[in-house]
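Please treat every number below as a calculation from the coordinates, not as lab data. These numbers were taken from a predicted model, which means no experiment stands behind them. Ideal geometry is used to build each Cβ from the backbone, glycine not excepted, and the neighbour counts take in all protein chains shown.
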Amino acid sequence: MLTDLQCRKAKPAEKSYKLADARGLYLYVTKTGFRSWRWKFRFAGKEKRLIFGSYPEMSLGTARDARDKAAALLKAGTDPSLQAKQIAAARMAESQTTFESIAREWHAQQAASWAPHHAADVLKSLELHVFAKIGALPITGITSP
């Protein structure tokens, strides 16, 4: 099993290499020195790999916890790599749902019941005063004051 000291001392080499931990978890060290936590497993008879994160941003203990959670999914018959892809896609979609996009949808729905002049004023106010400050923020990152 790896120790944190071994992880910290992992230096780049001529070729990329692996430092094995336990139960398929290893620290992958590239020839440029980038270090990432990876887990090798088998699902439906095929060998697969799952990347958990980079070291030192993700500690050895956290990587082991991630491996254990993924192993539990595997034991339950779920492909951990597929679930990781679904979570990543959901995060991407969530981050692309900005305040501006939601506000424009809201405006389009409301504009049907407003006078054209009022709808134009509301949109202009949003563009001048709101979108420049918080328009690009993900909607999930905005909380009430």
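To the nearest 20 debye, what is the magnitude of the charge dipole of region 39-132 about its Cα centre, counting +1 on the Cβ of each Lys and Arg and -1 on the Cβ of each Asp and Glu?
820 debye
Which entry is the computed semi-axes √(5λ) of the Cα gyration tensor in Å for this structure: [x] 47, 19, 12; [y] 93, 12, 8; [z] 23, 22, 15?
[x]
Taking R0 as 30 Å, what FRET efficiency do you get between Ile51 and Ala136 from their Cβ-Cβ distance, rounded to the nearest 0.05?
Taking R0 as 30 Å, the efficiency between Ile51 and Ala136 is 0.60.
Rounding to the nearest 10 and keeping the result within 0 to 90°, find how far the Cα-based axis of helix 80-96 lies from the longest principal axis of the chain.
30 degrees
What's the angle, to the nearest 10 degrees (0 to 90), between helix 60-75's Cα axis and the longest principal axis of the chain?
80 degrees
Starting from region 1-74, pick out the GluC sites (Glu not before Pro) whose DSSP state is loop and whose Cβ has at most 12 other Cβ atoms within 10 Å.
Passing both the DSSP loop test and the Cβ count: Glu14, Glu57.
What's the lysine pair count for the chain at a Cα cut-off below 12 Å, pairs eight or more apart or interchain?
5
For a Förster distance of 30 Å, can you work out the FRET efficiency between the beta-carbons of Val122 and Thr97, rounded to the nearest 0.05?
The value I calculate is 0.90.
Using only alpha carbon pairs under 8 Å that are at least six residues apart, calculate the relative contact order of the chain and give it in whole percent. Let's see the in-between values first.
Numbers: 150 pairs, mean separation 20.8, N = 145.
Relative contact order, the chain: 14 percent.
Just from its helices, what would the mean residue ellipticity at 222 nm be for the chain, if runs of 4 or more DSSP H residues each count -39500 (n - 2.57) and the sum is divided by every residue, rounded to the nearest 500 deg cm²/dmol?
Calculated mean residue ellipticity at 222 nm is -14000 deg cm²/dmol.
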